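The values are calculated or read from the model by the stated rules, or taken from the named source; none is laboratory data. Everything numeric in this text was worked out from a predicted model, so none of it was measured. Please note: Cβ atoms are built from the backbone with ideal geometry, for glycine as well, and neighbour counts cover all protein chains shown. SASA here: full protein model, heavy atoms, side chains in, ligands and nucleic acids out. Shrake-Rupley method; radii C 1.70, N 1.55, O 1.52, S 1.80 Å.
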Amino acid sequence: MGLLVGAGIGYVLGAKAGRARYDQIMRTYRTIADHPAVQGAAGIARQKLGEAMGSKTDSQR
């Protein structure tokens, strides 16, 4: 129940912030997500996750 209330409050506040704020947040997100250091860290995380998932799948056979 608390999760639904929190989601509702977030929706209302987000709607009041408007499109301009959304666009600002998305520009900031894209700037951060496109940074080479973040891309490198994401690649390493994907690789580690793939290795972990692969070893779990192999050990369950």
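General observations
- Computed [θ] at 222 nm, helices only, for the chain once each DSSP H run of length n ≥ 4 contributes -39500 (n - 2.57): -33000 deg cm²/dmol
- Option label - log10 I(q)/I(0) by the Debye sum over Cα atoms at q = 0.12, 0.13, 0.25, 0.30 Å⁻¹ computed here, alternatives (1) -0.36, -0.41, -0.94, -1.16; (2) -0.27, -0.32, -1.03, -1.37; (3) -0.62, -0.69, -0.92, -1.10: (3)
- Protein accessible area in the chain, 1.4 Å probe - carbon and sulfur %: 64
- Using a probe of 1.4 angstrom and keeping all protein chains present, the accessible surface of the chain works out to 89 square angstrom per residue.
- Positive end of the dipole of the chain (Cβ unit charges, origin at the Cα centre): among I32, G50, G8, the Cα lying farthest that way belongs to G8.
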